[in-house]
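Heads up, the thing below is written out as structure tokens.
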Amino acid sequence: MEKKIVAGIIGLEFGRAHLEGALAYGAEIGLICDCDEKALKFAGEKYDIPEEKWTLDYHDIINNKEINAVSIGIPDQLHKQVAIEMLEAGKHVLCEKPLALTKEDVAEIVQAAKKSGCVFMVGQICRFTPSFVKTKELIESGALGELYFVESEYAHDYMNIVSNKQNWRSDDKRHGVIGGGCHAVDLLRWLAGDPEEVFAYGTHKLLPTVSYDDSTIAIMKFPNDIAGKVYVSTGCKRDYTMRTVIYGTKGTVICDNTSPTMQVFTIGEDGLAHDPEIIELEVNNHNFVKEFEVFADSIVNGTPCPTPAEEGAKTVAACIAIVESATTGKIVKPDYSFCE
């Protein structure tokens, strides 16, 4: 096992949060990288990274023998090439979600990760969000009884983001369900298992600059006779949220990733649900400090990685099934064959 973490950070828009996670962990920063000189300079100065550790070329990270862990926080469309090159160079990789946008790219990453023997972690950040972690604990403790319906949503207005047609989120390949809605899909996969069937409707009334549906609702069949629903809107006129409700035979959880409290309903001796317990918790909807800590622990101590490439692949597979169903109007069984 590695004795210490020397990190390379690629992409300094979203990747700055990964840099903060690495610094909080105590990792040594080997290099930071971005193709935008302004972004590179801003991050370097903000986090006191010496200029000799700035680079515009990610190949410098590949060629740096001291760097053993790499964070990839670049546009989704570029994940495959950079991730595979890092794995082939023997680097452990923390890759932003979604793993990739197509079955072909996902399959190549999964195989490269298996071949490399390196730790490969997909940044499914909801698994580190305090309210969702607490929900998982309640499910596993049996406090909610047997689950029968689960729902989550990804509501995020992209209007200002995609008004520039050159923005990477405007790419036709980056459907809102795959690029952003994967958060809600992965959360429900984590809580209820891999969906077996999906049926979806999509509409396009909010974002004129993109070609994909900007509002999609998907009904899902999960294992153990659990029904589910995911709603994705990348043009909704409201604050960002991932409101989530988990229904069990003994209780219900209502939570999201931006509120300081969550509600937990449980039944009393009379078999009825009474006033909910209000649980206070930290608002940390992008808990990159914990995410990097778990990534580093897998490298240094060999603890199992909770979101390896295969997990990220299954989330993409479920998202692709949603898009296919909304396009064809048919029930679709997710294809997980390329995820192993």
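Asn284 satisfies every condition listed in (1) assigned to a helix (DSSP H, G or I); (2) touching a residue at least 24 places away in the same chain (Cβ under 8 Å); (3) not hydroxyl-bearing (Ser, Thr, Tyr) except (1). On inspection, Lys114 qualifies as among the basic types (Lys, Arg), in contact (Cβ under 8 Å) with a residue 60 or more places away in the chain and part of a helix (DSSP H, G or I). Within region 240-270, the residues that satisfy the criterion of being in contact (Cβ under 8 Å) with a residue 24 or more places away in the chain, in a loop (DSSP other than H, G, I, E, B) and touching a strand residue (DSSP E or B) at 6+ places or on another chain (Cβ under 8 Å) are Tyr240, Met242, Arg243, Thr249, Lys250, Asp256, Asn257, Thr258. Return yes when Leu23 is among the hydrophobic types (A, V, I, L, M, F, W, C) and open to solvent by 60 Å² or more (accessible area, probe 1.4 Å) and no when it is not. The answer is yes for Leu23.
Taking each residue of region 294-317 that is acidic (Asp, Glu) and looking for partners that are modelled with pLDDT under 95 with beta-carbon atoms closer than 7 Å, six or more apart or interchain, yields Glu310/Cys339; Glu310/Glu340.
Beta carbons closer than 9 Å, at least 6 apart along the sequence or on distinct chains, pair a first residue in region 27-52 that is hydrophobic (A, V, I, L, M, F, W, C) and in a strand (DSSP E or B) with a second that is modelled with pLDDT of 95 or more and surrounded by fewer than 16 Cβ atoms within 10 Å (Cβ to Cβ) for Cys33/Leu56; Cys33/Asp57. Inspect region 176-191 for any residue being open to solvent by 10 Å² or more (accessible area, probe 1.4 Å) and either of a type in the set (Gly, Ala, Ser) or at pLDDT below 95 (or both) and give the result as yes or no. No: zero hits.
Quickly run through region 133-159 and pick out the residues that are among the polar types (S, T, N, Q) and open to solvent by less than 30 Å² (accessible area, probe 1.4 Å). Once the filter is applied, which keeps residues that are among the polar types (S, T, N, Q) and open to solvent by less than 30 Å² (accessible area, probe 1.4 Å), region 133-159 yields Thr135, Ser152. Given the criteria under 22 Å from Thr129 (Cβ atoms) and open to solvent by 70 Å² or more (accessible area, probe 1.4 Å), does Pro260 qualify? When the stated conditions are applied, Pro260 passes them. For region 214-237, the criterion of being under 25 Å from Asp76 (Cα atoms), in contact (Cβ under 8 Å) with a residue 40 or more places away in the chain, part of a loop (DSSP other than H, G, I, E, B) and touching a Ser or Thr at 6+ places or on another chain (Cβ under 6 Å) is satisfied by at least one residue.
Scanning region 315-340 for residues that are open to solvent by 10 Å² or more (accessible area, probe 1.4 Å), part of a helix (DSSP H, G or I) and more than 14 Å from Glu108 (Cα to Cα) yields Ile320, Val323, Glu324, Ala326, Thr327, Thr328.
List the number of the failed condition for Leu87; all other conditions in (1) free of Cβ contacts under 8 Å to residues at least 60 places away in the same chain; (2) assigned to a loop (DSSP other than H, G, I, E, B); (3) open to solvent by less than 10 Å² (accessible area, probe 1.4 Å) hold. Against the list (1) free of Cβ contacts under 8 Å to residues at least 60 places away in the same chain; (2) assigned to a loop (DSSP other than H, G, I, E, B); (3) open to solvent by less than 10 Å² (accessible area, probe 1.4 Å), Leu87 comes up short only on (2).
Considering only residues that are more than 18 Å from Tyr148 (Cβ to Cβ) and in contact with a Lys or Arg (Cβ under 8 Å, 6 or more places away or on another chain), look in region 213-230 and name the one that is least open to solvent (accessible area, probe 1.4 Å).
Asp214
For region 289-314, which positions are open to solvent by 10 Å² or more (accessible area, probe 1.4 Å) and either assigned to a helix (DSSP H, G or I) or under 25 Å from Glu104 (Cβ atoms) (or both)?
Residues satisfying the conditions are Val289, Lys290, Glu293, Val294, Asp297, Val300, Asn301, Cys305, Pro308, Glu310, Glu311, Lys314.
For the criterion of being open to solvent by less than 10 Å² (accessible area, probe 1.4 Å) and touching a helix residue (DSSP H, G or I) at 6+ places or on another chain (Cβ under 7 Å), Val119 fails.
Of the residues making up region 90-111, those that are open to solvent by less than 30 Å² (accessible area, probe 1.4 Å) and not in a helix (DSSP H, G or I) number 11. Restricting attention to region 183-202, does a residue exist that is of a type in the set (Gly, Ala, Ser) and assigned to a loop (DSSP other than H, G, I, E, B)? Yes - at least one qualifying residue is present in region 183-202.
Is there a residue being more than 23 Å from Lys136 (Cα to Cα) and either open to solvent by 40 Å² or more (accessible area, probe 1.4 Å) or among the aromatic types (Phe, Trp, Tyr) (or both) anywhere in region 239-247? Yes: one or more hits.
The values are calculated or read from the model by the stated rules, or taken from the named source; none is laboratory data. Just so we're clear, the structure is a prediction, and the values are computed from it rather than from any experiment. Cβ coordinates were reconstructed from backbone atoms using ideal geometry, including for glycine residues, and neighbour counts include every protein chain displayed. The protein model used for the area step is the full one, side chains on, heavy atoms only, and it has no ligands, DNA or RNA in it. Shrake-Rupley method; radii C 1.70, N 1.55, O 1.52, S 1.80 Å.
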